[in-house]
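The structure appears right after this line, and notes come after that.
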Amino acid sequence: MRDIVLGCLILLIIGCSGVATSYQPDPGVPVLAPHEPAYEETIQLRYLGAGGYLIRRGKHAILTAPLYTNPGWPRVGLGWIAPDTALIDRLHPPTSPGEVGAILVGHAHYDHLLDVPYIARKYHPEAKIYGNRSMANLVVAAEPRLEDQVKVLEEEVARGGQPGKWFYLADSTIRFMAIESDHGPHFLGIHVMKGEAEDGLKAVPRSAWAWKEGKPLAYLIDFLGPDKAIDFRIHFQDATSHYPLGAPPDFAPPDSHRLDLAITCVDTWFQVPDYPEALIRNHRPRYVILGHWENFFRSPTKPAWTRFSSLRLRRFIPSVLDAMPPDTDWIVPLPGALYRYRPAPR
Ligand SMILES: [Zn+2]
């Protein structure tokens, strides 16, 4: 009897500790160097915080809009915000000239766009910046010389299950398509910073409230093989959405392909029922990243993992796990960490 009680106790401790540790952010893996055999085919993804990911394969990369500045609550609520350029210089990962062909922006709230004009001008002058009209107006207001780099996608998006336009980068080894999406409420069903930043702004707004979201977009990003077939398909969202808004459209061959990786948005998940479960159930990604989970009112120089984020993820993850196919793997990414993904065998 004593052994049974002891055995149950041990199982309970292992079970509980397993649950607790598995919800911790994944520390990532070392970068794969160009001389290593799997380098050319491996997707190397670095989480940069908020909606920011640097996604590389071989010598080509695509960037989604990062935030490093993380202004605190008082500044966001009542004060002025501006990019912390010293912090960006310290945290933005180095890239080769011309390596990043595009910067994708899902919507124009400050936590996705505040740092982008400085990053684009200083580090990626060859990259085009894709997003909605509000994004374009805010970026040009912040850095007028980026006018030729911004590209408004609102007329070329996938909508109502119909595919939109593919944009090709990097010798046609990377392509992406924007998808009409929406943006869940922030708290108590209230959705703030809606609308559009107007054309011809004289200066970039200093209040966070003026960084209006515009029409939210999700993206599909394909990495293509030498034969132009799809090697690896990523679905990216930097905000929650009400399914089927933001979901991949219906494709016929050769454009149909199981999602390899779904990059989801944890922030305000509790405001949108069935997000991201509906997306995961219907599109069965092989991998899931639960991103944009950390407190972006807190400096990224402080540890991202807090008791609050732990509690929040504990409530979020079980329902997401229920929606996952049995062969799906998932992580909570750590800002700054690198993750590797391999295409499925053809
Ligand atoms: Zn937002």
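The values are calculated or read from the model by the stated rules, or taken from the named source; none is laboratory data. Predicted model, so just to flag it, every value in this text is computed and none were measured. FYI the Cβ positions are ideal-geometry reconstructions off the backbone, even for glycines, and counts take in every protein chain you see.
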*In region 70-92, which residue that is without any contact (Cβ under 8 Å) to a residue 60 or more places away in the chain and surrounded by 16 or more Cβ atoms within 10 Å (Cβ to Cβ) is nearest to the ligand (Cβ to nearest atom)?*
PRO83
*asked:* Checking ILE280 against (1) surrounded by fewer than 18 Cβ atoms within 10 Å (Cβ to Cβ); (2) at pLDDT 95 or above; (3) part of a helix (DSSP H, G or I), only one condition comes out false. Which one?
replied: (1)
*Identify all residues within region 93-136 that are within 16 Å of the ligand (Cβ to nearest atom), part of a loop (DSSP other than H, G, I, E, B) and hydrophobic (A, V, I, L, M, F, W, C); write none if there are none.*
VAL105, ALA108, LEU114
_In region 246-273, the residues that are in a loop (DSSP other than H, G, I, E, B), modelled with pLDDT of 95 or more and within 30 Å of PRO71 (Cα to Cα)_ = GLY246
*Test LYS212 against the criterion of being of a type outside the set (Asp, Glu), surrounded by fewer than 24 Cβ atoms within 10 Å (Cβ to Cβ) and within 16 Å of the ligand (Cβ to nearest atom), and give yes or no.*
yes
*Determine the pairs where a residue that is farther than 12 Å from ALA208 by Cα and modelled with pLDDT under 85, located within region 186-197, has a partner that is within 13 Å of the ligand (Cβ to nearest atom) and not in a loop (DSSP other than H, G, I, E, B) with Cβ atoms under 8 Å apart, the partner being 6 or more residues away or on another chain.*
PHE187/GLN271; GLY189/GLN271
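Only one of these is in contact (Cβ under 8 Å) with a residue 60 or more places away in the chain and away from the ligand (no atom under 16 Å from the Cβ): ALA262, ALA252, ALA304. Name it.
ALA304
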*Within region 94-126, track down each residue that is under 25 Å from GLU294 (Cβ atoms) and small (Gly, Ala, Ser).*
ALA102, GLY106, ALA108, ALA120
_Pairs, first farther than 25 Å from TRP269 by Cβ in region 222-242, second among the acidic types (Asp, Glu) and away from the ligand (no atom under 14 Å from the Cβ), C-beta under 7 Å, six or more apart_ = PHE223/ASP231; LEU224/ASP231; GLY225/ASP231; ILE230/ASP222; PHE232/ASP260
*Residue check: is ALA203 away from the ligand (no atom under 16 Å from the Cβ), under 16 Å from the mean Cα position of the chain (by Cα) and more than 21 Å from LYS151 (Cβ to Cβ)?*
no
*Do we have LEU114 as under 21 Å from the mean Cα position of the chain (by Cα) and buried (at least 24 other Cβ atoms within 10 Å of the Cβ) here?*
yes
*Determine whether ALA61 is surrounded by fewer than 18 Cβ atoms within 10 Å (Cβ to Cβ) and among the hydrophobic types (A, V, I, L, M, F, W, C).*
no
